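The next block holds one structure in the form of structure tokens; read it before the comments.
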Amino acid sequence: MNISNRVNQIKKSAIHEMTRLSKQYDDVAFLSWAKPTTGTPKHINDAVIEAIRNGKTGGYSQSEGLPELREEIVKKLKRDNHIDANTSQIIVTVGAIEGLAASVLATIDPDDEVILPTPTYSTHITQVRLASGIPVLVPLNEDNNFALDIEAIKKAITPKTKAIMFCTPSNPTGTVFSEKTLREMGKIALENHLTLIIDEAYEYFTFDTAKHFSLASIPELKKNVITNYTFTKTYAMTGWRIGYIHADEEMITQIKKAHIPLAICAPVASQYAAIAALKGSQECVEIFRSHYVKAKNLMCERLDILDSVFEYTKPEGSYLMFPKILGNQGNDSITFSKNLLTEAKVSTTPGIAFGPTGENHIRLSFCVPEEMINKAFDRMEIYFRKNK
Ligand SMILES: Cc1ncc(COP(=O)(O)O)c(C=O)c1O
């Protein structure tokens, strides 16, 4: 078989491996899913059924997406992200993932370096590798709630650096990068002619005093920022595979050259779902958010009881947290997660899946019903009592 170095260098994903293993057991308590477990709101489903009945969904759309959808996206960007956009600065994509892949392909050449503050969403690292780029992993500052380490990022820049790629709010740490540090990232990008490829998948899920800030709202950065958004998390639309990119028109023209061979266009039925999501009541988003607040508080309370096993910082956003495993047990986070699965029937994600600085941690997801959190922690309490 002929297998490219591009894919050959990519290791099996620890996330998918844990999902596969979890399926071998009955009655597993899942804290490993980063996907909403609630269904897509009814008004969105109904609008798509209507669009299908009216024969609107059988063909391709414009490769950049339906004009009506892009107009709604422009309104949303203005209202919620304070970005002054127009429809030629938008491409509708097959989830944020396709948008991110097209953004990376349009930005870097083989052997270019991309700085990724880690731990980070592992797909970002894989996408840089697939584009034959070199991921440069710069640790986040765990002592400061996994904040961006501006000085370390500056030090990592070389003549080969083309981009910095990150998500805020963060998967896996739940950090919401502050406006101040994001502005510093903007300054670094301007001074070093770098592109910031930003993933704002969890933009609506912030807690307590944390506020999400979109760097694309700063007009001076318009040539330096590509932002990727998605309907997946906001409206519980994982399976619809629909997201969008915002960037400067000139950049969008180039990204479209990668988007077309990857997708032609986003699924048209899903584009109608996205129109309904944006035009309809936003109450569902607040309902999801308030559930995550309760679930986060519950998870933190239950983690407090296990304070001889885990140390953690409270997540400020997303629906994920990244506790540190105390003692030697976490040196191999894959074995730690596998033991939890086989012996306590609790599915978690090993921290190593998010880069080397993720070792000694597990990722826990609280986008699950509260009963699932209680079931998982009841089992973990018994398990850790036995395995002190
Ligand atoms: C940070 C981040 N970006 C993107 C995605 C996937 O988004 P989409 O379903 O829109 O491709 C995920 C899913 O877990 C994620 O955590």
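The values are calculated or read from the model by the stated rules, or taken from the named source; none is laboratory data. These numbers were taken from a predicted model, which means no experiment stands behind them. Neighbour counts run over all protein chains shown; Cβ positions are idealised from the backbone, glycine included. Accessible surface is based on the protein model in full, side chains and every heavy atom, while ligands, DNA and RNA are left aside. Shrake-Rupley method; radii C 1.70, N 1.55, O 1.52, S 1.80 Å.
Can you give the % of DSSP beta bridges in the chain that are antiparallel, to the nearest 5?
Details: 17 of 37 bridges.
The answer is about 45 percent antiparallel.
Order 56-64, 196-204 from most to least packed using the mean count of other Cβ atoms within 10 Å. Intermediate values should be presented prior to the final figure.
Working: 56-64: 14.6, 196-204: 24.3.
Ranked from most to least packed, the peptides come out as 196-204, 56-64.
Which whole-number percent is the relative contact order of the chain (Cα, under 8 Å, 6+ apart)?
Numbers: 762 pairs, mean separation 97.2, N = 388.
Relative CO of the chain lands at 25 percent.
What is the log10 of I(q)/I(0) for the chain, computed with the Debye formula using one identical point scatterer on each Cα and no solvent, at q = 0.09 Å⁻¹?
Cα-only, vacuum Debye calculation for the chain: -0.52.
Going by alpha carbons, how many degrees (0 to 90, nearest 10) lie between the helix axis of 249-263 and the longest principal axis of the chain?
70 degrees
Quick one: compute the contact order of the range 288-388, relative version, from alpha carbon pairs under 8 angstrom and 6+ residues apart, as a percent. Walk me through the numbers on the way to the answer.
On the way: 135 pairs, mean separation 29.3, N = 101.
So the answer I get is 29 percent.
Using the Cα centre as the reference, give the magnitude of the dipole from point charges on the C-beta atoms of the range 242-357 (Lys, Arg: +1; Asp, Glu: -1; all else neutral), rounded to the nearest 20 debye. Intermediate values should be presented prior to the final figure.
Working: 11 positive and 12 negative charges, 62 e Å.
The calculated dipole for the range 242-357 is roughly 300 debye.
Could you provide, to the nearest whole Å², the per residue accessible area of the chain with probe 1.4 Å? Walk me through the numbers on the way to the answer.
Working: 17020 Å² over 388 residues.
In whole numbers, the chain has 44 Å² accessible per residue.
Around G133, with a cut-off of 10 angstrom between Cβ atoms, what is the net charge of the other residues, counting Lys and Arg +1 and Asp and Glu -1?
Working: positive: R129, K160, K162; negative: D109, D111, D112, E113.
Surrounding charge for G133 is -1.
Dipole of the chain, Cα-centred, from +1 at each Lys and Arg C-beta and -1 at each Asp and Glu C-beta, to the nearest 20 debye? Walk me through the intermediate numbers first.
Working: 44 positive and 45 negative charges, 140 e Å.
The dipole of the chain has a size of about 680 debye.
Only Cα pairs under 8 Å and at least 6 apart count here; give the relative contact order of the range 344-388 as a rounded whole percent. Spell out each step's value before the answer.
Values: 29 pairs, mean separation 17.2, N = 45.
Dividing the mean separation by the residue count of the range 344-388 yields 38 percent.
Mind listing which trypsin sites (Lys or Arg not before Pro) in the range 153-251 are in a DSSP loop and have 12 or fewer other Cβ atoms within 10 Å?
Details: sites: K154, K155, K160, K162, K180, R183, K187, K211, K222, K223, K233, R241; in loops: K160, K211, K222, K223, K233, R241.
Counting only loop positions with at most 12 other Cβ atoms within 10 Å, the trypsin sites (Lys or Arg not before Pro) in the range 153-251 are K211.
Counting only protein heavy atoms, what percent of the accessible surface of the chain is carbon or sulfur at a 1.4 Å probe?
Working: 8740 of 17020 Å².
Of the solvent-accessible surface of the chain, carbon and sulfur hold 51 percent.
Considering only C-alpha atoms, what is the centroid distance from the range 90-138 to the range 196-256, in Å?
Rounded to whole Å, the Cα centres lie 14 Å apart.
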